[in-house]
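The values are calculated or read from the model by the stated rules, or taken from the named source; none is laboratory data. Quick caveat, the model's predicted, so the values are computed rather than measured. Don't worry about glycine lacking a Cβ; one is built from the backbone with ideal geometry, like all the others, and counts go over all protein chains shown. Note: accessible area is taken over every heavy atom of the protein model, side chains too, but ligands, DNA and RNA are not part of it. Shrake-Rupley method; radii C 1.70, N 1.55, O 1.52, S 1.80 Å.
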Amino acid sequence: MGRIVEAYIGEYASGKSEVAVNRALELVSAGRQVTLVDLDIVEPCYTLRPLREKLSARGIEVLAWETRRAFGLGEAGNILLPQTRWALKRPGDVILDVGYGVSGSRTLNLLEGVQEERVLQVIAVVNVSRPMTGTVPDIVEYIKELGRVDALLNNTHLGDETTPEVVQEGARVVAQAAQQLGLPVVATAALAAVAQAIGPRDCMGHPVRSLERYMPATLW
């Protein structure tokens, strides 16, 4: 497998940060060189800062501010860590945790070489339980507003109340939206216990990624 460069975007509380962190851990566990980039400068109430040391200890290069070096409230926004601008020039795999919505997706343009990065995949994380992406027409409209999107990922959940049935219904809805958009679905993501109950493939035949929860501990 060649170099992997993935940017995770989506609606607020879609779970894109959780997906990005777990993806980075999956890749580093496979012996790959991984850089995880905190590119969320849109109301970053949840950031990768509190996870920086923990993930670094796991072998991931994390480009994120250290909490003690940042000031103000998360709701006040953020400034870009200078090294982040050159993230795509780093060797190995690069996983980008991007801010939510249209404003978030536009921050990709702040990276040097983003237009020339041939292996970049912009993946929209969709949670059908969220109001703006609750139906097929809603998803189609929302994705079209984001600009470049190369694929969808189903991350339908209801927090601790998530069941396999909830995730599978999301898989069906996301697959229908993807078909209308002419985009692939790269995976369904679910918490470990739910993912195990579903199995290696969801009801639409897409790979299932198992998630561990890290973001609840990262509230700014």
request  = Set the Förster radius R0 to 41 Å, insert the Cβ-Cβ distance between A197 and R118 as r into 1/(1 + (r/R0)^6), and round the FRET efficiency to 0.05.
outcome  = 0.65
request  = Give, rounded to the nearest 20 debye, the magnitude of the charge dipole that the chain has about its Cα centre when Lys and Arg contribute +1 at Cβ and Asp and Glu contribute -1 at Cβ.
outcome  = 620
message = Counting only helical runs of four or more DSSP H residues, what would the 222 nm mean residue ellipticity of the chain come to if each run contributes -39,500 (n - 2.57) and the total is spread over all its residues?
response = -8000 deg cm²/dmol
query = Given that just one value was derived from the coordinates, which of (i) 144; (ii) 180; (iii) 117 is volume of the Cα convex hull per residue in Å³?
reply = (iii)
remark   = To the nearest Å², the heavy-atom accessible area per residue of the chain with 1.4 Å probe amounts to 47
task = First compute the accessible area of the stretch 147-220 with a 1.4 Å probe, then give the percent of it belonging to carbon and sulfur atoms.
result = 52
Lys/Arg +1, Asp/Glu -1 at C-beta; the chain dipole; positive extreme among Y12, L211, W65 = W65
